[in-house]
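Throughout, read-outs are computed from the coordinates displayed, never taken from laboratory work. These numbers were taken from a predicted model, which means no experiment stands behind them. Don't worry about glycine lacking a Cβ; one is built from the backbone with ideal geometry, like all the others, and counts go over all protein chains shown.
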């Protein structure tokens, strides 16, 4: 294993030397470095992201815009740290977790990633189904076809050939920026709500807060960013330029998110429309597209969902196989990397089957997966904080005092928010406590349901969420009870799982 690791390190070093354009002067250097940060940050504007931001605006108007400012700062802090880890160590996040924390904690970390990412893959297929249902195509037809297409593209290595087409489709969501201006919002109120925080002790409010955190700073995005930084061969000498890419990606991504909230607040919230279907969300584009709003929205939603449906299974499979030393890579055959391709197939097939459940509310499912991501995010952040402050690992590139305050503040606040969310959704209903009504927001009594169905804090969705949570802790307990093994041993502990 040591020989293999040394060989990989040599290959990475050669890749660093081969990286084109990195030593060009001036603005050319910045252009050469663009990519990883922009891709990872904008990947958050997928099906679940669009549904979450649209619901925030439709349900609470401009009153949660201040939240997006805080989340943008937090996202910038997290993305910067993860990109720095990749640039300084030349290793992926899964690799570092295994090397620094051992197999037990690695098993726990990978389980949380598997749970979070599996839910997000389900959300992507829900987005595909919702996009086609805008034109009365049944999900029992479109979802299996989409799943088959994704598997063919990924397994045959053809995904990158059509990636640009999918990306082009997602540019449709830039129309939300134009739609926001055409809707003529009260810009004075927009500015006021952006910088003056308001808080409501409503389960719907807290749920959407956590969901927005989860879809904006999704756990899988950090694994994707660090791996792309490593693959691009970024080194410590080039890192200052790479930081520009990471921060630029955050700003552009959340700018689109900001205008999605403004556009839906100025149209749907103003008219008292609660988003229950993709058609409801599409109405916010009426100021720019008129009768073609549904068509415009469906094209963007389909493109965003197809990108996520392809990228997420690949990212998940790479993260898990990298963590345990299993063969991986799209350049390998199924026989050479059975676990890698098996994970991809498992995620796609299971996600498609879940979405085919009759009567499953698709928009509520998208919101639910975002909330799961937000709840599991603190686990990943604690690993990142321990790694980034390890002087033996990072040398002089550990966090400075001010940055550490921001980073730990982000981690603690997100953790506290997750605890509040779990208390509101699990503990309070058990003891019969009801939160205040949503009042003028148009929500249901107690603010417990975002749309009147499907997301009640006492309903089946929360029982499913509780099952995921208990499963994660039980698997972690089993991993922790395994016999102690050196971190280099990768296969034996996984048999106990």
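Which stretch or stretches of the range 295-327 have amide N atoms under 15 Å from the point lying 7 Å from residue 279's Cα along the Cα→Cβ direction? Those under the cut-off are 295-298.
FRET efficiency for the pair residue 155 and residue 69, taken as 1/(1 + (r/R0)^6) with r the Cβ-Cβ distance and R0 = 45 Å, rounds to 0.60. Here the extension length gained between residue 390 and residue 201 equals 64.2 nm, from 0.36 nm per residue of separation less the Cα-Cα distance. Beyond 20 Å, what share of the Cα-Cα pairs of the range 177-331 remains, rounded to the nearest whole percent? When every Cα pair of the range 177-331 is considered, 64 percent fall beyond 20 Å. Computed extension gain for residue 244 through residue 360, at 0.36 nm per residue and net of the alpha carbon distance, reaches 37.6 nm. For the listed peptides 264-275, 356-367, a ranking on the average number of other beta carbons within 10 Å per residue, highest first, reads 264-275, 356-367. The range 323-355 and the range 227-251 have Cα centres spaced 28 Å apart. Return one quarter of the surface area of the convex hull spanned by the alpha-carbon atoms of the range 304-383, equal to its mean projected area, in nm². It is 6.6 nm².
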